[in-house]
Each structure stands twice: as C-alpha cells, then as structure tokens.
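K.L.:
Here it is, the structure, as structure tokens.
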Amino acid sequence: MSTTLLVVQVLNGLQLGVLLFLIAAGLTLVFGVMDFINLAHGVQYMLGAYLAVAFYGLTDSFVLALVLALAAALAFGLLLEAAVFRHLYGRDHLDHVIATFGIILFLNAAVKYVWGAAPLSLPVPEALTGSVALAPGILYPVWRLVIIGSGLAVAALLWVLVSRTRMGMLVRAGATNPEMVSALGVDIRRLFTLVFGFGAMLAGFAGIMIAPILSVEPGMGDTILILAFVVIVIGGIGSIRGAFVAALLIGLVDTLGRSFAVDVLRLFMSSSTARTVGPALASMLIYLLMAVVLYVRPTGLFPAKGR
Amino acid sequence: MTRTIPLLAAVAAVALVAPAQAQDKAQEKLKIGVIATLSGPPAVLGQQIRNGFQLAVRDLGGKLGGREVEVLVQDDELKPDIAVGKVKAFVERDKVDFVVGPVFSNILQAIVKPATDGGAILISPNAGTSNYAGRDCNPNLFVTSYQNDQMHEISGKHAQDSGKKTAFIMAPNYQAGKDSLAGFKRWFKGEILDEVYVPLNQLDYSAELSKIAAAKPEVVFVFLPGGMGVNFVKQYRQAGLADTIPVFSTFTVDESTLPAQQDAALGFFAGSNWAPNLDNPQNKAFVAAYEAAFGAVPATYAFQAYDTALLIDSALKATKGDTKDRDALRAALKKADFVSLRGDFRYNTNNYPVQDFYLTKVAKRPDGKYQTEIVEKVFDDYADPYVKSCKMK
C-alpha cells in the first residue's frame with residue numbers, strides 16, 4: 001500500500017463525500033426545517049441528470065445545459081411543492097413517506113417513458129477532459145477534481161447563506177419555532193417553498209455534475225437516497241454542518257473500506273478468506289459507523305438547535 | 001311454426017360447424033409464451049429478446065413450421081417469484097407449447113420446473129447455467145445461447161495465448177461474478193495481481209480504478225453487466241487507463257450498452273459467440289432488418305432470440321406442425337436443423353449448443369453507430385465441460 005495510492009483513495013473518498021453532501025444538504029434542510037420526509041429527493045437528483053442530457057442535446061454546450069437544467073430542476077421542485085407536498089406538511093410522517101414514494105414510482109416510470117430504458121450519457125466538457133498526473137503513472141481525472149471543488153464551493157455558499165444572511169436567519173428561526181416566526185409577520189409558507197425549491201435544485205446540481213461519470217438511467221436516484229439518509233442521520237437532522245461532516249466521513253469510510261479492507265484482513269487471515277470477508281465487510285462499514293454514532297450520540301453528530 | 005325454423009337452422013348450423021372445428025384442431029394457433037425482463041434498467045435486454053423473436057416470426061410470415069403463431073409476452077420484472085407466477089399462467093391458463101426466456105440466470109433457475117413440469121418445452125435464449133448443463137440437465141429444456149462459463153473462458157484463453165503475464169480481475173460479489181472469474185482463471189495461468197469483488201450495482205469505480213493504476217497489470221478482465229459496465233467503461237477512459245492497459249470483458253461492452261458508452265468503449269475487448277459483423281448472408285439480412293425495424297444495432301440477446309424462433313420453426317417443419325407427440329418434437333429440436341445466424345450450431349447431449357467463440361472489439365461504424373466486431377476465433381466447436389455429468393443421451 002503506497003502513499004500515492006492512499007492519497008488517491010482519499011481524493012476518491014472526498015469526491016463521493018462531496019456528492020453525498022450536495023444531495024444530503026437539501027434533504028436535511030427540508031427534513032429539519034419543514035419536518036417533512038421527502039423520499040422523492042433521489043428522483044430529483046435523477047431528473048437533474050436527465051435534464052442536463054436533454055439540454056445538452058439541444059444546445060451542445062455543457063455550460064448552457066448546466067444553467068438550463070438547474071433552472072428546470074428548480075422550477076420542477078417548486079411545481080412538485082405546489083402540486084403535492086404543500087398539502088402534506090401538517091400530516092403524519094407516514095403520509096409523507098407514502099406520497100413521496102408514489103412520486104418515486106411515477107417519475108421513474110415517466111423518465112423511462114420519455115427517454116427510454118437504455119442508459120444515457122453526458123460527455124465531460126471538452127476543456128475538463130483528461131487527467132492530471134499526481135505521481136508517475138498515477139493519473140487523476142480532472143472532472144473528479146472539479147466535482148470536489150464545486151461541492152466545497154456550494155458548502156461554503158450554503159454556510160454563508162444560512163449563518164450570515166437574513167434569509168438564513170429566518171430559515172433557522174422557522175425550523176425552531178414556525179408559529180412564532182409566522183406571528184412576527186413572515187410568510188412561512190413562502191419560506192418553505194423557497195427552501196424546498198433550493199433543496200431540489202441542489203439535488204439536481206448533484207445529478208448534473210455526476211452525469212458525465214455515471215450512466216444516466218431510471219432508478220439512479222434510489223440507491224443514493226439511502227446513503228443520503230444515512231448522512232443526515234449521522235450528521236444530525238436539520239444541520240448543514242452535520243451533513244457536511246457526515247457526508248465526507250461516509251465518503252472516506254466507504255472508499256477506504258472498499259480499497260483496503262481485503263489488504264488489511266490479509267494480515268489476520270488467509271488470502272482467500274480475506275477475499276470473501278473483505279467485500280462484505282466493506283459494504284457494511286458505513287452502516288456500522290451509523291450504528292456506533294447513534295449509540296454514542298442518538299441525535300447525530302451536530303444536532304440542530306431547538307430540536 | 002315460424003319460431004322453430006330459426007331453431008332448426010341453428011341446430012343444423014351447429015351440426016355443420018362441429019366437425020369443421022374438430023378438423024381445425026390440428027391447425028389451431030401455436031401458442032408461445034415469451035418471458036423476459038421488460039422493466040427496470042435491464043429492460044433493454046428483455047426488449048432485445050422480445051424484438052428478436054417477433055422479428056423472426058414476422059420474417060417467417062407469421063408462421064412457424066407452417067402453423068399460425070400467437071406470441072404472448074410477459075415481464076418477469078427480474079423477480080423469480082413473479083416469473084414463476086407468469087410462467088404458470090402460460091402453462092396452465094394459456095396452454096402454451098413453448099416458453100421462451102428468460103434473460104437472467106436466477107430467473108432460469110426459478111422457471112425450469114414450473115415450465116417443464118407443466119408440459120411445455122422451455123427454450124432459453126440467453127441464460128445457460130452450469131447445473132442444467134450438467135447434473136440437472138432436462139429433456140424439455142433447450143438453450144440457444146451458450147453455457148455461461150464459456151463467455152468468460154474466451155478472455156482467459158486469449159490472454160493466455162497472447163502471452164500476457166499479469167492480470168487484474170474484477171466482478172460483482174455474487175454467484176455469477178465468482179463463476180465468471182473462475183472461468184477466466186480456468187485458462188489464464190499467469191499471475192493474478194488482484195481479484196476484486198464489488199457490490200452488485202456499484203456505480204462509482206474510482207477506488208478500484210486507482211488500484212488498477214497502482215497494480216499496473218498487463219491485462220484487466222471484468223464482468224460488469226448492464227449499467228455497471230456503462231459506468232466502469234466511462235470512468236476507465238476518464239482515468240486515462242484505456243490507452244495503456246487493455247480490458248477484456250464479458251457482458252460489459254455490447255450493443256445494449258454501447259449507445260451510452262460510445263467513444264469511451266472504443267478498443268475494449270469482449271468474448272462472444274456472435275457479432276453484428278459476423279460474415280454470413282443470413283446474419284447480414286438479420287442485422288439490416290433489425291436495425292430497420294427497431295432503430296438500434298442488435299446485441300447477442302436479439303440474435304439468440306431470433307435463432308430460437310428458427311429452431312422452433314425447424315422442429316415443427318419436421319413434425320409437420322404436430323406438437324402432441326413430445327418425443328418426436330424433442331428429437332426434432334435436438335437435430336437443430338436450421339441455419340443459425342452464427343453459422344456452426346449443433347446440440348450436445350445436454351441440449352446446450354456446440355459452437356464457435358470469438359474475441360470481439362468495440363468499433364465505430366461509418367454511419368456513427370457502435371458495435372462489437374470480430375477480431376479472431378478463440379474456440380472452434382467448443383462444448384461446455386459440464387456435459388460429462390449429464391445423464392441424457
């Protein structure tokens with residue numbers, strides 16, 4: 001196990017973590033601020049990817065596709081909020097789960113109907129193709145570095161928005177005591193709509209950024225949704241900071257586990273046993289981590305205040 | 001009096017019609033149930049099977065062996081319990097003579113018993129597991145594809161023959177994945193630098209790609225079907241590895257995944273029993289007709305389904321359309337007296353094919369579409385090794 005390999009794997013872990021953060025941020029805001037369980041968050045990620053592919057087909061420019069897809073993802077999020085979610089805020093969590101699960105089924109089928117079942121792809125923007133040499137013979141794709149960079153930028157932007165602006169203050173206040181904020185003359189409904197639209201746009205952004213790496217196909221949001229829930233549970237529901245730390249933690253644990261579990265186990269057991277146990281253990285690691293965190297801190301690493 | 005006339009007429013009509021119906025009995029429509037995965041991401045594969053089979057029926061004028069055909073299509077949803085229910089309905093309610101399907105091996109394991117116990121003949125146009133080639137071989141099961149291991153063995157044999165010394169091999173962590181790497185190692189005798197099992201349906205291969213780059217093998221072998229392959233190939237290219245380390249593969253680059261992989265897959269190798277550019281007249285006609293009808297290049301799934309229809313046609317011609325005498329029907333099927341799109345084809349004693357296998361390579365056609373093309377023949381008239389434990393003669 002060389003140092004360069006370790007460095008590369010840490011970068012890989014960061015990239016997965018940043019992606020998870022982009023999805024989990026919206027999920028944790030909606031869950032924390034509006035007390036609304038949105039299982040359909042994963043299909044909004046999928047939709048971002050599909051919209052990017054569609055707009056790229058029309059405009060032939062990645063930047064234009066990015067902008068248009070973001071706008072469309074935002075618009076679609078607002079539409080969903082107005083058409084479906086708004087009517088469910090006061091209801092039980094079980095109603096949220098059933099309704100948003102219905103939206104998953106509907107959108108997965110709709111996407112297949114419109115774009116077909118075959119996986120689609122979005123090319124990496126011309127200027128950002130290729131890879132940089134981190135060490136002789138060890139190349140790292142530029143696009144993955146771009147994902148890490150843009151994810152960190154979004155994290156910084158979110159931090160400023162939530163803790164340094166009036167809007168952010170209202171969001172935090174609304175999360176703690178919505179009735180009081182409403183009594184002070186703030187339109188809490190509009191605030192919720194904005195938060196929801198923004199969350200949907202973040203999920204869409206994650207989908208757009210990952211589309212050049214992963215195949216764009218129906219159901220692509222379903223697996224990532226589970227990871228995003230693990231992230232917000234570990235981080236503390238409603239906490240952006242918690243989502244950030246937990247996302248990076250999950251990304252690193254998952255990637256390093258996958259890369260080195262077999263090698264580490266080989267120190268204790270025969271090679272063939274390690275090969276059987278290693279992959280199984282690696283895929284359990286994040287759930288073990290979640291169990292440990294919940295045992296030590298039942299409300300997550302950074303529980304949002306007032307909950 | 002006026003009332004009895006219509007009544008008499010009706011009685012007379014029934015009397016006239018009844019024997020006519022009895023005569024028609026032998027010529028009634030031949031019912032075939034097609035079961036394939038038509039929903040979820042692997043729907044593309046099931047669609048190829050359905051399309052290939054229906055194209056063949058159309059090319060044969062809507063008749064197989066001279067009998068009108070009614071093709072019933074069902075989706076197994078890639079769930080064994082659903083598949084069993086649909087196959088039972090084919091056999092018990094629809095009384096089909098043939099069940100054609102499925103795509104996936106785990107579905108095959110589930111439907112062989114309900115289909116064959118129910119009196120139908122099951123023809124698999126894709127899945128070919130080792131147990132049915134060996135100890136569980138079944139006189140009412142015919143396979144028009146291959147025994148699964150053979151597709152993986154092609155890469156191992158070719159890597160060995162071309163003098164490769166080191167390999168990095170990777171597959172999903174389930175039975176078919178383990179079988180695949182075992183198939184590769186059956187022929188490859190060089191050093192295996194690492195053998196990696198990834199979770200089924202893993203999307204991001206960054207960690208594994210970094211390991212490959214660090215291990216610097218002479219050849220990489222992967223079995224990453226469907227969406228896994230699409231992701232792996234794109235990321236392998238993006239990591240800058242595609243120009244330095246050749247990839248041999250099974251079910252990772254084919255015509256069902258190439259529309260998504262495109263240029264990223266150029267130069268990737270695969271093992272196959274067929275390719276769209278296989279040079280014989282019947283195959284050329286098939287590929288042209290398929291592309292005209294469905295606007296996509298056919299993959300192995302489609303051609304094997306087409307061959308399945310040809311096989312049924314040939315057997316019914318031999319029995320003059322009769323399906324009642326099952327012994328005669330089975331014997332006729334076993335003769336495989338049809339011109340396969342792949343050329344050489346005959347049945348072994350276990351009802352699995354003996355055929356040629358090729359190394360193929362992804363190429364871009366002048367019209368901008370992508371397909372696999374034959375590089376060289378790796379196995380000639382190759383039979384699977386499991387036939388030894390099959391008791392059928």
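The values are calculated or read from the model by the stated rules, or taken from the named source; none is laboratory data. Everything numeric in this text was worked out from a predicted model, so none of it was measured. Methodologically, a virtual Cβ is constructed for each residue, glycine included, from the backbone with ideal geometry; neighbour enumeration extends over all protein chains shown.
K.L.:
Against the definition (assigned to a loop (DSSP other than H, G, I, E, B) and modelled with pLDDT of 85 or more), how does A:Gly185 come out, yes or no?
P.N.:
Working: assigned to a loop (DSSP other than H, G, I, E, B): yes; modelled with pLDDT of 85 or more: yes.
Criteria met by A:Gly185.
K.L.:
Here is a further query. Within the stretch A:38-86, can you find the residues that are free of Cβ contacts under 8 Å to residues at least 60 places away in the same chain, among the polar types (S, T, N, Q) and either part of a helix (DSSP H, G or I) or surrounded by 19 or more Cβ atoms within 10 Å (Cβ to Cβ) (or both)?
P.N.:
The answer is A:Thr59, and nothing else.
K.L.:
Another question about this same structure. For A:Val84, state whether it is of a type in the set (Val, Ile, Thr) and either over 16 Å from A:Gln44 (Cα atoms) or at pLDDT 95 or above (or both).
P.N.:
Here the answer is no, as A:Val84 does not meet what is asked.
K.L.:
In addition: State all residues of the stretch A:112-139 that are of a type in the set (A, V, I, L, M) and away from every other protein chain (no Cβ under 11 Å); if no residue qualifies, say none.
P.N.:
A:Val114, A:Ala127
K.L.:
Additional query: For the stretch A:155-163, does any single residue satisfy the condition of being at the interface with chain B (Cβ under 10 Å from one of its Cβ atoms), surrounded by fewer than 15 Cβ atoms within 10 Å (Cβ to Cβ) and touching a helix residue (DSSP H, G or I) at 6+ places or on another chain (Cβ under 9 Å)?
P.N.:
No, the stretch A:155-163 contains no residue that is at the interface with chain B (Cβ under 10 Å from one of its Cβ atoms), surrounded by fewer than 15 Cβ atoms within 10 Å (Cβ to Cβ) and touching a helix residue (DSSP H, G or I) at 6+ places or on another chain (Cβ under 9 Å).
K.L.:
Considering only the stretch B:216-252, how many residues are assigned to a helix (DSSP H, G or I), touching a residue at least 40 places away in the same chain (Cβ under 8 Å) and in contact with a Ser or Thr (Cβ under 7 Å, 6 or more places away or on another chain)?
P.N.:
Summing the residues that are assigned to a helix (DSSP H, G or I), touching a residue at least 40 places away in the same chain (Cβ under 8 Å) and in contact with a Ser or Thr (Cβ under 7 Å, 6 or more places away or on another chain) in the stretch B:216-252 gives 1.
K.L.:
Checking the condition within 21 Å of A:Ala211 (Cβ to Cβ), away from chain B (no Cβ under 13 Å), under 19 Å from the mean Cα position of the chain (by Cα) and of a type outside the set (Val, Ile, Thr), which residue from A:Ala71, A:Ala49 passes?
P.N.:
Only one candidate qualifies: A:Ala71.
K.L.:
Please state which one of A:Gly219, A:Gly197, A:Gly204 is in contact with an Asp or Glu (Cβ under 7 Å, 6 or more places away or on another chain) and closer than 28 Å to A:Ala69 by Cβ.
P.N.:
Going through A:Gly219, A:Gly197, A:Gly204 in turn, the sole match is A:Gly197.
K.L.:
Give the stretch B:161-215 a look and list any residue that's at the interface with chain A (Cβ under 8 Å from one of its Cβ atoms), in a helix (DSSP H, G or I) and either farther than 28 Å from A:Gly219 by Cβ or charged (D, E, K, R) (or both), or say none.
P.N.:
Passing the criteria: B:Glu208, B:Lys211, B:Ala213, B:Ala214.
K.L.:
Take the conditions out of contact with any Pro (no Cβ under 6 Å at 6 or more places or on another chain), closer than 22 Å to A:Leu79 by Cβ and at pLDDT 90 or above and apply them to A:Ala65. Does it pass?
P.N.:
Yes.
K.L.:
Of all residues in the stretch B:237-269, which are surrounded by 23 or more Cβ atoms within 10 Å (Cβ to Cβ) and among the hydroxyl-bearing types (Ser, Thr, Tyr)?
P.N.:
B:Ser249, B:Thr250, B:Thr252, B:Ser256, B:Thr257
K.L.:
Taking the condition of being closer than 24 Å to B:Leu258 by Cα and either out of contact with any Leu (no Cβ under 8 Å at 6 or more places or on another chain) or aromatic (Phe, Trp, Tyr) (or both), how many residues in the stretch B:277-298 meet it? Explain how you work it out, then say what you get.
P.N.:
First pass over the stretch B:277-298, keeping only residues closer than 24 Å to B:Leu258 by Cα: B:277-280, B:282-298.
Applying the additional criterion that residues be either out of contact with any Leu (no Cβ under 8 Å at 6 or more places or on another chain) or aromatic (Phe, Trp, Tyr) (or both) yields B:277, B:279, B:284-288, B:290-292, B:294-296, B:298.
Matching residues across the stretch B:277-298 total 14.
K.L.:
With A:Thr223, A:Thr255 as the choices, which residue is within 11 Å of chain B (Cβ to nearest Cβ), in contact with a helix residue (DSSP H, G or I) (Cβ under 7 Å, 6 or more places away or on another chain) and β-branched (Val, Ile, Thr)?
P.N.:
After applying the criteria, what remains is A:Thr255.
K.L.:
Go through the stretch A:267-277 and report how many residues are farther than 26 Å from B:Leu203 by Cα and not small (Gly, Ala, Ser).
P.N.:
Qualifying residue count for the region: 3.
K.L.:
Only one of A:Ile250, A:Ile240, A:Ile234 is touching a Leu at 6+ places or on another chain (Cβ under 8 Å), in contact (Cβ under 8 Å) with a residue 24 or more places away in the chain and within 14 Å of another protein chain (Cβ to nearest Cβ); which?
P.N.:
Values: A:Ile240 fails: within 14 Å of another protein chain (Cβ to nearest Cβ); A:Ile234 fails: within 14 Å of another protein chain (Cβ to nearest Cβ).
The match here is A:Ile250.
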